[in-house]
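*Asks:* Just dropping this structure here.
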Amino acid sequence: MMDTFSYKFQNGIKAFRSWVIPYLNSRIHKDEFRPVLCYVFTEWRCNIDCHYCHQYNNNGESMSRETAYAAIDWLLSLGCRVIPLMGGEPLLRKDFVLDVIRYGAERGCFVYLPTNGYLMDKEFIDEMGKAGVAAVNLAVDCIAPKKGLPKALLAIEPQFRYLVKQKEKYGYLVFFNINICGTNLKDVKLLTEIAHENNIGTDYHLNEPPHDFVNTEHYRHKDNGLAITPDKYEEADALIDWLIEKQRQGWPMVNSIEHLKTFKRRMRGEIGVWGCRAGQNGALVRTDGTLAPCFDLICYNHDWGRIGEPRFLKSELDEVKKRCMPLCTSTCFHTMSFYYIMASVPEWVRKHVRVG
């Protein structure tokens, strides 16, 4: 097992190769599709049913190995090294996920794995560590399960403890992925404190309904009761202020402070135009190999191209973003937008140096 300094140093090297070099490359080729990050959406199906998730569709097809490998090869040719394996729940097919992690890691990719953790066990954690997974994005929304929010830490505590225990052995990162809703505000604070106690990071999303122009015929929970209503604004504001203060103290968080501030405006209405980079420096590969600019548009009926043949026309992206951008606080793309402002880059460097 490596010591803490070696663990942080190794991940610093990974960050430079996987994030910094592609970022600089994308700035040089600013008029081309140069993704710094691209989601590979392996699975529509899931083993649980979170009521805010409009991607979940147990009738959807799974991605084949051939499509996953082709996506990785194509993204590497564009200079993209950061590849999350998304779902649904990717661990419904553990052997498939291990093969894709191994394929990407052997080619120098920063492959990270989002999961709700229910299907993890010690054997899988060790195998994914050996395969070269770079990070595990553990989705938890509350301490104990709540109505519509089954992703609960108590339900996966043994997996979580072993996952954290093994991270320095295999060199992967761990962070909590937390969706802020009207019914879990106290849980968000507790989960953040637990993450800090275990020396892992956090990543926050704001609960938002799907856009009304995307195809959500399969979505069954449109009136899910998870929205942050006006009577919760004050409590939500206090939570967000607390998160911002903890980040300033050095607690590792994916979100920029500016992004967290945006949550306050979004839950009260529109947030205006904010410079989304979807379809330019980030994208998503669907299970069948077709492309989408982002998660919110994964169910939008439009031809954006496929692996090897992207069709992200600026005029078409601009048109759809007029509708979706004022209603979206995408953590990935808002954070990406912030760090494409040159004045923000030193903040990114300071934050990551500070937390190692």
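*Asks:* Can you find a residue in the stretch 104-114 that is within 19 Å of the chain's Cα centre (by Cα), modelled with pLDDT of 95 or more, surrounded by 22 or more Cβ atoms within 10 Å (Cβ to Cβ) and small (G, A, S)?
*Replies:* yes
*Asks:* Which of (1) buried (at least 20 other Cβ atoms within 10 Å of the Cβ); (2) at pLDDT 95 or above is the odd one out, the single condition S64 does not satisfy?
*Replies:* Status for S64: all satisfied but (1).
*Asks:* Another one. Filter the stretch 172-195 for residues that are in a helix (DSSP H, G or I) and under 27 Å from F295 (Cβ atoms) and give the result.
*Replies:* Selection gives L185, K186, D187, V188, K189, L190, L191, T192, I194, A195.
*Asks:* Looking at G88, G108, which is the one that is assigned to a loop (DSSP other than H, G, I, E, B), in contact (Cβ under 8 Å) with a residue 40 or more places away in the chain and farther than 25 Å from S330 by Cβ?
*Replies:* G108
*Asks:* Any residue that is surrounded by fewer than 16 Cβ atoms within 10 Å (Cβ to Cβ) and closer than 16 Å to G282 by Cβ - is there at least one of those in the stretch 71-84?
*Replies:* Yes, there is a match, as at least one residue in the stretch 71-84 is surrounded by fewer than 16 Cβ atoms within 10 Å (Cβ to Cβ) and closer than 16 Å to G282 by Cβ.
*Asks:* What are the residue pairs meeting all of these: first residue in the stretch 254-280, first residue more than 14 Å from E319 (Cα to Cα) and at pLDDT below 95, second residue part of a strand (DSSP E or B) and among the hydroxyl-bearing types (S, T, Y), Cβ atoms under 8 Å, and 6 or more apart or on different chains?
*Replies:* Pairs found: V254/T202; V254/Y204; N255/Y204.
*Asks:* Next question. Given the criteria touching a residue at least 40 places away in the same chain (Cβ under 8 Å) and in a loop (DSSP other than H, G, I, E, B), does P35 qualify?
*Replies:* When the stated conditions are applied, P35 passes them.
*Asks:* Can you find a residue that is over 28 Å from R265 (Cβ atoms) and free of Cβ contacts under 8 Å to residues at least 12 places away in the same chain anywhere in the stretch 164-183?
*Replies:* yes
*Asks:* Further question on the same structure: Can you find a residue that is out of contact with any Leu (no Cβ under 8 Å at 6 or more places or on another chain) and either buried (at least 20 other Cβ atoms within 10 Å of the Cβ) or basic (K, R) (or both) anywhere in the stretch 305-316?
*Replies:* The answer is yes; a qualifying residue exists.
*Asks:* Looking at (1) surrounded by 14 or more Cβ atoms within 10 Å (Cβ to Cβ); (2) among the charged types (D, E, K, R); (3) at pLDDT 95 or above; (4) in a helix (DSSP H, G or I), find the lone condition where D203 falls short.
*Replies:* (4)
*Asks:* If a residue must be over 26 Å from Y56 (Cβ atoms) and either of a type outside the set (D, E, K, R) or part of a strand (DSSP E or B) (or both), how many such residues does the stretch 146-171 contain?
*Replies:* The total comes to 5.
*Asks:* Does L138 count as farther than 22 Å from Y69 by Cα and in a helix (DSSP H, G or I)?
*Replies:* Considered against the rule, which asks whether it is farther than 22 Å from Y69 by Cα and in a helix (DSSP H, G or I), L138 comes out as no.
*Asks:* Return a yes/no flag: does the stretch 220-237 have any residue that is more than 30 Å from I13 (Cα to Cα), of a type in the set (G, A, S) and part of a helix (DSSP H, G or I).
*Replies:* Within the stretch 220-237 (the criterion being more than 30 Å from I13 (Cα to Cα), of a type in the set (G, A, S) and part of a helix (DSSP H, G or I)), the answer is yes, since at least one residue qualifies.
The values are calculated or read from the model by the stated rules, or taken from the named source; none is laboratory data. Bear in mind the structure is a predicted one, so any value in this text is a computation, not a measurement. Positions of Cβ are backbone-derived with ideal geometry, glycine not excepted, and every protein chain shown enters the neighbour counts.
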